[in-house]
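A short worksheet on the structure shown next.
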Amino acid sequence: YCAAPAAGRVVVPLNFRWADPELAYAIRDADAKVLFADRDPGPLADLVDTVVRLDTDDYESLLAGAGETEFDPEVRPEDLAGLFYTGGTTGASKGVMLSHANLIANAYNSQMFWPVGPGDVYQVIAPLFHAAGSTSVLQCIYRGVAQVLVPAFDPPAILDQIEREGITASLGVPSMLAAQVEAQTANPRD
């Protein structure tokens with residue numbers, strides 16, 4: 001979310017819940033070159049130049065072999081930084097183009113209406129392929145806030161994590177909050 005746009009590249013977060021044809025559509029439509037995957041991408045690997053597997057040593061090897069680099073001095077606020085695909089409820093998904101300025105404005109506006117700071121611990125429930133998740137991540141980086149990722153929506157596990165990690169902030173949709181209230185009512189936690 002930071003390194004690729006700072007290098008003048010564009011992030012294209014993909015919805016991991018999509019079927020392969022939907023993922024293939026977005027990869028082709030975005031003309032993606034590199035795919036970061038936490039599992040074998042199967043035939044999707046053929047659609048990009050490079051696959052970096054997060055569930056193997058690929059990613060750590062890549063990091064270990066990387067040298068220091070500078071931000072791309074040619075990157076401007078109005079340049080494309082992220083391409084976020086919609087759910088495609090009225091047809092094919094559409095890539096929503098967000099500039100560097102758009103992403104920073106989203107994070108800044110979130111900070112204005114819901115300030116967080118270095119003493120907070122933010123539980124990232126919103127999916128990172130969605131603007132809500134990415135805005136939370138960028139807001140937290142901007143403010144130096146620790147983040148705890150939720151790998152899958154599981155209300156009891158989320159509540160246990162809140163108690164264990166001392167979570168002070170999060171963002172979820174009403175149905176998620178309702179499920180968490182139900183789980184809390186069935187088994188109260190601090």
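The values are calculated or read from the model by the stated rules, or taken from the named source; none is laboratory data. Quantities reported herein were computed from a predicted structural model and do not represent experimental measurements. Cβ sites come from the backbone with ideal geometry, for glycine too, and all protein chains shown count toward neighbours. When the accessible area is computed, the model is the full protein with side chains, heavy atoms only, and any ligands, DNA or RNA have been set aside. Shrake-Rupley method; radii C 1.70, N 1.55, O 1.52, S 1.80 Å.
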Exercise. Given only helices, namely DSSP H runs of n ≥ 4 each adding -39500 (n - 2.57), what is the per-residue ellipticity at 222 nm of the chain, to the nearest 500 deg cm²/dmol?
Worked result: -11500 deg cm²/dmol
Seminar exercise, completed: Semi-axes a, b, c in Å (a largest) for region 128-185, each sqrt of 5 times a Cα gyration tensor eigenvalue, come to 21, 14, 9
Exercise. Taking only protein heavy atoms and a 1.4 Å probe, what accessible area per residue, in Å², does the chain have with all protein chains in place?
Worked result: 61 Å²
Seminar exercise, completed: Counting only DSSP beta bridges fully inside region 44-190, the antiparallel percentage to nearest 5 is 45 percent
Seminar exercise, completed: In whole percent, the fraction of accessible protein surface over the chain that belongs to carbon or sulfur atoms, probe radius 1.4 Å, stands at 58 percent
Seminar exercise, completed: Total charge of the residues flanking Q123 in space, meaning their Cβ is under 14 Å from its Cβ, with Lys and Arg +1 and Asp and Glu -1, is -3
For this session: Express in % the proportion of alpha carbon pairs of region 30-91 at distances exceeding 16 Å.
Result: 66 percent
Exercise. Given region 1-102, what percent of its DSSP beta bridges are antiparallel, to the nearest 5?
Worked result: 50 percent
Exercise. Taking the alpha-carbon set of the chain, what are its Rg and Dmax in Å?
Worked result: 18.0, 55
For this session: Any chance you could run the full-extension gain for A66 through A152? It's 0.36 nm times the residue separation minus the Cα-Cα distance, nm to one decimal.
Result: 27.9 nm
Seminar exercise, completed: Length-normalised contact order of region 99-160, Cα under 8 Å, at least 6 apart, in percent, tallies to 37 percent
For this session: Would you work out the relative contact order for region 1-137, in percent, from Cα pairs under 8 angstrom that are 6 or more residues apart?
Result: 25 percent
For this session: Taking every pair of Cα atoms in region 1-65, average 1/r, invert it to obtain the Kirkwood radius, and report Rg/Rh to two decimals.
Result: 0.95
Exercise. Once amide H atoms are built 1.01 Å from N in the peptide plane, which residues 5 or more positions from A81, or in another chain, come under 5 Å H to H?
Worked result: L98, S99, H100
For this session: Sum up the charges of everything whose Cβ sits under 12 Å from the Cβ of D79, counting Lys and Arg as +1 and Asp and Glu as -1, but leave D79 out.
Result: -1
Exercise. Roughly what would the spin-label model give for Y59 and K33, points 7 Å off Cα along C-beta, in nm?
Worked result: 2.1 nm
Exercise. How far, in degrees from 0 to 90, does helix 20-30 lean away from the longest principal axis of the Cα atoms of the chain, to the nearest 10?
Worked result: 60 degrees
Problem set entry | F16 accessible area, 1.4 Å probe, all protein chains in place, Å² to nearest 10 | 110 Å²
For this session: List the residues whose amide H sits under 5 Å from the amide H of V52, counting only those 5 or more places along or on another chain, with H placed 1.01 Å from N in the peptide plane.
Result: L35, F36, A37
